[in-house]
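Bear in mind that the values in this text are calculations on the coordinates, not laboratory data. Since the structure is predicted, the reported quantities are computational estimates derived from the model, not experimental observations. Virtual Cβ from ideal backbone geometry, glycine too; neighbours counted across all protein chains shown.
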Amino acid sequence: MTRAVVITNPAAARANGAGLRTARERLTAGGLTVEVLATEGPGHAERLAREAAAGGADLLIAHGGDGTVMEVASALVGTARPLGLLPAGTGNLLAGNLGIRRSPRQAADIILAGVTRRVDMGRLTTSTGTRHFLVAAGAGFDAELMHRTPSHHKRAFGVAAYVATAVGLATALTRAAVRIETDAVTLETRAAMVLIANCRELIPGLLPLGPQIAPDDGVLDVVVMDATSLPGAAGVAWHLLLRRPQAHAGITFLRARTVKLTADTDLPVQADGELCGRAPLDIAVVPAGLTVLAPRG
């Protein structure tokens, strides 16, 4: 019988006990032996995941938001041990990009189906050290957005909390002169935000980045966005919503295996929604770095 360890973050926005019980009952009925471990603070999920893997767990399952997912995934980089997802956070960006819904029962069924997918990861180094990401890392507007959105708003309003904060920030955009060096080209320009994306949807179902972006193609996609005002920022967002980003002069795409970004302004950096230092930043792709349980196709 497969031994599964669920690592749950009780502080996650949607991590209610009823949902976890539903998922656990479904997993047990499906033939798994399930142990649940609760995190107590930042970094604890990764420690618990490493201990569970060393103790012989066949499967690790993250119950929480993208921060919890990334901590558990960091313990599995480069291994064949699969990661299961029980979405319970604000954005659930990786789960959404992989087609895993919030329903505890449906997410548990995907885990039980046992369909694995190898996905790339990004390895990010900033002023605070090195960490991995699965969806996107960014400098500028997006990181400031994460910093300015209160936790209690995220718990109460979900993704809508970010939208409200974004409107306020867009009225006084900070633009920087940036230098982006990749393994293929060097770009010097002005930008309000630079994203290094591994997944297609910045907000699953709402805000796509580009149809060419895929989490299993062995490369990362650099998306440089610039605007000088709220109407300009709205224009960028509108072209993304229309799935026509290439048609907007303020959006530039690059493809890269390595990225180095420097700026003339002190820019905050985020990775999968978690603040992680300031620019400059260095990023490299980790091809097929993680095995994840996902819907077929």
- Label point 7 Å out from Arg3 along Cα-to-Cβ: which residues of the stretch 74-94 have amide N under 18 Å? 76, 80-84
- Query: Quick one: length gained pulling Asp109 to Thr130 fully straight, 0.36 nm per residue minus the C-alpha distance?
  - Reply: 4.2 nm
- Query: Based on the alpha-carbon gyration tensor of the stretch 1-58 and its eigenvalue square roots a ≥ b ≥ c, which shape applies: rounded if a/c is under 1.5, prolate if not and a/b is larger than b/c, or oblate?
  - Reply: oblate
- Note on the structure: Here the FRET efficiency for Glu51 versus Arg101, based on Cβ atoms and R0 = 25 Å and rounded to 0.05, is 0.25
- Item | Two-site label geometry, Gln212 and Thr265: point separation in nm, points 7 Å out along Cα→Cβ | 2.7 nm
- Query: Hey, any idea what the orientation-averaged projected area of the convex hull of the stretch 3-114's Cα atoms comes to, in nm²?
  - Reply: 6.0 nm²
- Task: For the stretch 27-61, state which GluC sites (Glu not before Pro) are in a DSSP loop and have at most 14 other beta carbons lying within 10 Å of their beta carbon.
- Result: Glu40
- Label zone at Asp183 (point 7 Å along Cα-to-Cβ), backbone N below 20 Å, the stretch 240-271: 253-262
- Would you mind getting me the FRET efficiency between His44 and Phe253? Use the beta-carbon distance for r and R0 = 35 Å, nearest 0.05. 0.40
- Message: Suppose the chain between Val77 and Leu37 were pulled fully straight at 0.36 nm per residue; how much longer would it get relative to their current alpha carbon spacing?
- Response: 12.4 nm
- Please order Thr126, Thr174, Thr291 by the number of other Cβ within 10 Å, starting at the fewest. Thr174, Thr291, Thr126
